[in-house]
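Colleague: Next up is a structure, given as structure tokens.
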Amino acid sequence: MLMRDMHRTFTRCLEQRISTYGITTNMWFYLRALWENDGATPRELSELLGIKGPTTNQALGDLERRGLISRERDTTDRRLVRIRLTPAGVELKNTLLTFAVEVQDIALSDVSEEEAEIFRDVLQRMKTSLGADYDRALGSLG
């Protein structure tokens, strides 16, 4: 419960900042993924973010209407659509990432560097354990 509350609070603080640029939290997740994976397909983005297809389609539509992405047919497999950042989408990266760092710095302002490192390590181990459990459950379904 505490982790969920922390996530919500962090997200609200970030959204206050990015909303001045007309970016929602949902759009933020896809921009973050595209800054690292420009040219991914919608399905690849969904899998990368662990988000279902309809939510991906909505977010991509919003980003496209804002002129931050374009959709292009794959040159080798015409069935696939590649999502590409436009220059405006690329340009937002430094500004929006600055906001994320700012919120992270606020969150860690009363935490020592040693505590922060332990926290990151614990979170990574928890994520690994939960990922392994999820993969085992998927394997038992097939």
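Colleague: For a paramagnetic label modelled at 7 Å from the Cα of residue 16 toward its Cβ, which residues of the range 95-127 fall within the zone defined by backbone nitrogen distances under 15 Å?
Modeller: Residues 99-109 qualify, since their backbone N sits under 15 Å from the label point.
Colleague: Name the residue, out of 71, 79, 125, whose mean-square fluctuation peaks in a Gaussian network model built on the chain with Cα pairs under 10 Å.
Modeller: 125
Colleague: A follow-up question, please. Simple spin-label model, 7 Å along Cα-to-Cβ: residue 52 to residue 3 in nm?
Modeller: The two pseudo-label positions are separated by 2.2 nm.
Colleague: Quick one: length gained pulling residue 105 to residue 130 fully straight, 0.36 nm per residue minus the C-alpha distance? Intermediate results must be reported in sequence, preceding the final value.
Modeller: Values: separation 25, 0.36 × 25 = 9.00 nm, distance 2.67 nm.
Here the segment from residue 105 to residue 130 would lengthen by 6.3 nm.
Colleague: Once you charge only the Cβ atoms, +1 for Lys and Arg and -1 for Asp and Glu, what is the size of the charge dipole of the range 1-136 about its Cα centre, to the nearest 20 debye? Before the final figure, lay out each step's value.
Modeller: Details: 20 positive and 22 negative charges, 176 e Å.
Result for the range 1-136 is approximately 840 debye, rounded to the nearest 20.
Colleague: Can I ask one more? What's the FRET efficiency of residue 35 with residue 112 using the Cβ-Cβ distance as r and R₀ = 30 Å, to the nearest 0.05?
Modeller: Details: r = 30 Å, r/R0 = 1.00.
Efficiency at R0 = 30 Å is approximately 0.50.
Colleague: Counting C-alpha atoms alone, how compact is the range 52-142: give Rg to one decimal and Dmax as a whole number, in angstrom.
Modeller: Rg and Dmax of the range 52-142, Cα atoms, are 19.3, 52 Å.
Colleague: Here's another thing I want to ask about it. What value does the range 1-58 have for Rg/Rh, both radii from Cα atoms and Rh as Kirkwood defines it?
Modeller: 1.01
Colleague: For the chain, what does the helix formula give at 222 nm: sum of -39500 (n - 2.57) over DSSP H segments with n ≥ 4, over the residue count, nearest 500 deg cm²/dmol?
Modeller: Numbers: 6 runs with 100 residues, N = 142.
Computed ellipticity for the chain at 222 nm equals -23500 deg cm²/dmol.
Just so you know, all these numbers are worked out from the coordinates, no wet-lab data involved. Since we're looking at a predicted model, the values are computed, not measured. Here the Cβ is made from the backbone with ideal geometry for all residues, glycine too, and neighbour counts use every protein chain on show.
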